[in-house]
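The values are calculated or read from the model by the stated rules, or taken from the named source; none is laboratory data. Note that the structure is predicted; figures quoted are calculated from it, not measured. Positions of Cβ are generated from backbone atoms using ideal geometry, with glycine treated the same way; all protein chains shown enter the neighbour counts. Quick note on the areas: whole protein, heavy atoms, side chains included, nothing else; ligands and nucleic acids left out. Shrake-Rupley method; radii C 1.70, N 1.55, O 1.52, S 1.80 Å.
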Amino acid sequence: MKSANSPPSRRDTGTGPGRIRTRLLDWYAENCRWLPWRSTQDPYHIWVSEIMLQQTRVDTVIGYYRRFLRRFPDVADLAAAGLQDVLKLWEGLGYYARARNLHQAAGIVNRQYHGRVPYSRADFIALPGVGSYIAAAVLSIAYEQPYAAVDGNVKRVLSRIYAAAVPVNGPGAAAFYQGLADDLLERERPGIFNQAVMELGALVCRPAGPDCGSCPVRDLCMAQRRGDVQSFPVRKKRRSVPTYRLAAAVIRKKGRILIVCRPENGLLGGLWEFPGGEMQSGESPEDAGLRLTRKTVGLNTGAVHYLTRVKHAYTHFKVEADVLICDYHSGRVRLNGPADFRWISPRSLGRYPLTGMTRKFLPKLVKMLSSA
Ligand code: SF4
């Protein structure tokens, strides 16, 4: 790796931003990781990778990216697919609105742009799930358009290089850090430059324990020069997230179990789970299971067996759910909340895209049902 003390390259002679650009580009040329989406210029493939990479680690994304593109190699394939197939391939990656939006956007691109990812920023950013980061990343990498891509990773790097006092999660952060990134952008090679900043954030200027000794802009970094790297990025304190107590009921009827589908336009929309909901204060899990099966699917159940408790964290809240096995007694399914239902054999559970919480207790459930 080229160190910050190496002799400057021929292009390394400009002002502060010019030197930062040159150092980052030289460093990236020598140090960037090989990743499958870096060997393509296909705008759709780059778009898929950037959507998957939001809030998700690179090593997790690689397998999903390959499977997704094997199944949906171009926009027309994705547009023609059913949402359930798309969600099944996305299962486990989280943030399922990304998959629903990408699927919907592919339909629009297929109909309105003949399957070609729009070149115009105004057209591209109007698609579902495309915000300013995705637009800048895809248009700069695929089409070399001069847009600076700013995500949390980039904000952290910039906050340190410029010792910026603006909290990265505060109200003015988006405009402030976008302004810094726009000024710094290398306009002749914006796609490579955006990736260089992101790669520095991933490999060197990491959230905890930045490796300043290996950093190509060490002598230009204001936080480092002040000896105060640990103070950046500045963050506003977050309110603590609430925890909700839930009960979920696996209802058995003649060897089949009932699963329900969440409404497409809500949280975890289109994913399948077991009927349930929030427990009331002082209520036992068993009582909650019986009450919630009546309330959400209109069925009377009994003979409750306690299976397990699972915990799951979402962005703005956490849940702790008690899972129960109930036997069907009477009634016909009447949905109050879920959008759809199926009575299925336990063996076919794997065919449905399930919520993360449901997948957490699946092994225990399958074991229990197969031994019953
Ligand atoms: S010197 Fe350290 S803090 Fe500054 S950009 Fe490099 S790794 Fe980040």
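Taken over region 120-142, residues that are free of Cβ contacts under 8 Å to residues at least 24 places away in the same chain, in a helix (DSSP H, G or I) and open to solvent by 20 Å² or more (accessible area, probe 1.4 Å) amount to 3. Out of T301, T308, one residue alone is more than 30 Å from the chain's Cα centre (by Cα) and open to solvent by less than 40 Å² (accessible area, probe 1.4 Å). It is T301. The residue list R33, R66, R70, R38 contains one member that is modelled with pLDDT of 95 or more and touching a Cys at 6+ places or on another chain (Cβ under 9 Å), which is R38. Only one entry of A208, A148, A164, A173 meets the criterion of being surrounded by 21 or more Cβ atoms within 10 Å (Cβ to Cβ) and farther than 18 Å from G18 by Cβ, and that entry is A173.
Within the bounds of region 100-119, is there any residue that is open to solvent by 10 Å² or more (accessible area, probe 1.4 Å), assigned by TED's automatic domain parsing to the domain that holds V138 and β-branched (V, I, T)? So far as region 100-119 goes, yes, one or more of its residues are open to solvent by 10 Å² or more (accessible area, probe 1.4 Å), assigned by TED's automatic domain parsing to the domain that holds V138 and β-branched (V, I, T). Name the pairs: first residue in region 143-160 and closer than 13 Å to Q178 by Cα, second residue of a type in the set (D, E) and at pLDDT 95 or above, Cβ to Cβ under 7 Å, at least 6 apart or on different chains? Sorted first by the residue in region 143-160, then by its partner, the pairs are A148/D182. Only one entry of P285, P216 meets the criterion of being open to solvent by less than 30 Å² (accessible area, probe 1.4 Å), in contact with an Asp or Glu (Cβ under 8 Å, 6 or more places away or on another chain) and within 30 Å of G172 (Cα to Cα), and that entry is P216.
Is it true that some residue in region 243-254 is without any contact (Cβ under 8 Å) to a residue 40 or more places away in the chain and within 22 Å of the chain's Cα centre (by Cα)? Checked against the condition, which is being without any contact (Cβ under 8 Å) to a residue 40 or more places away in the chain and within 22 Å of the chain's Cα centre (by Cα), region 243-254 yields no hits at all.
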